[in-house]
Amino acid sequence: NSNIDFSFLAKGDEDEVQKLHLACKDWRFFQVINHGVKEEILEKIKAAVAALFELPFQEKKKYAKAENETEGYGQNFVVSEHQKLDWSDMIYLFTFPSQNRNFKFWPLSLPGFKYVPSKFMLSFPGII
């Protein structure tokens, strides 16, 4: 089961910690449940990110990550111009702490893109 119950992790439950460890080690994928983030905020995040990926390529390139950096729009797994690509566009943004946000990578013209991450981070007051 790749569902990780955050309410158990927050209490230091060793079984849940072990479950998270195995999910990271064996599956490299898991879903966090009972995290306390309101469904409304999650839906707004999904909508904001979906709007980014619907932009024309030339528009998305305005937010492209710089060479040898991870933040921004692009593909982080291209290590050689000769490799066979399994194409996956992504956007990686620093959201916390807020002073680390570099808005040159943020498509601020899209509704919610600046404010949704802040609302998301406020959902974790005792954690972060």
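The values are calculated or read from the model by the stated rules, or taken from the named source; none is laboratory data. On a predicted model such as this, the values are computed, not experimentally measured, just so you know. Counting neighbours? That spans all protein chains shown, and the Cβs are built from the backbone with ideal geometry, glycine included. For the accessible areas, the whole protein counts, side chains as well, though only heavy atoms, and no ligand, DNA or RNA atoms are used. Shrake-Rupley method; radii C 1.70, N 1.55, O 1.52, S 1.80 Å.
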If you scan segment 31-70, which residues turn out to be without any contact (Cβ under 8 Å) to a residue 24 or more places away in the chain and among the aromatic types (Phe, Trp, Tyr)?
Phe57
Residue in segment 3-27 that is surrounded by the most Cβ atoms within 10 Å (Cβ to Cβ), counting only those that are in a helix (DSSP H, G or I) and among the charged types (D, E, K, R):
Lys19
Among the residues listed as Ala51, Ala47, the single one being surrounded by 13 or more Cβ atoms within 10 Å (Cβ to Cβ) and closer than 30 Å to Leu9 by Cα:
Ala47
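Take Phe30 and decide whether it is within 17 Å of Leu108 (Cβ to Cβ), open to solvent by 50 Å² or more (accessible area, probe 1.4 Å) and either hydrophobic (A, V, I, L, M, F, W, C) or out of contact with any His (no Cβ under 7 Å at 6 or more places or on another chain) (or both). Reasoning before the result, please.
Values: within 17 Å of Leu108 (Cβ to Cβ): no; open to solvent by 50 Å² or more (accessible area, probe 1.4 Å): yes; either hydrophobic (A, V, I, L, M, F, W, C) or out of contact with any His (no Cβ under 7 Å at 6 or more places or on another chain) (or both): yes.
Criteria not met by Phe30.
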I'd like the full set of residues that are of a type outside the set (Asp, Glu), out of contact with any strand residue (DSSP E or B) (no Cβ under 6 Å at 6 or more places or on another chain) and open to solvent by 80 Å² or more (accessible area, probe 1.4 Å), limited to segment 33-44.
Lys38, Lys44
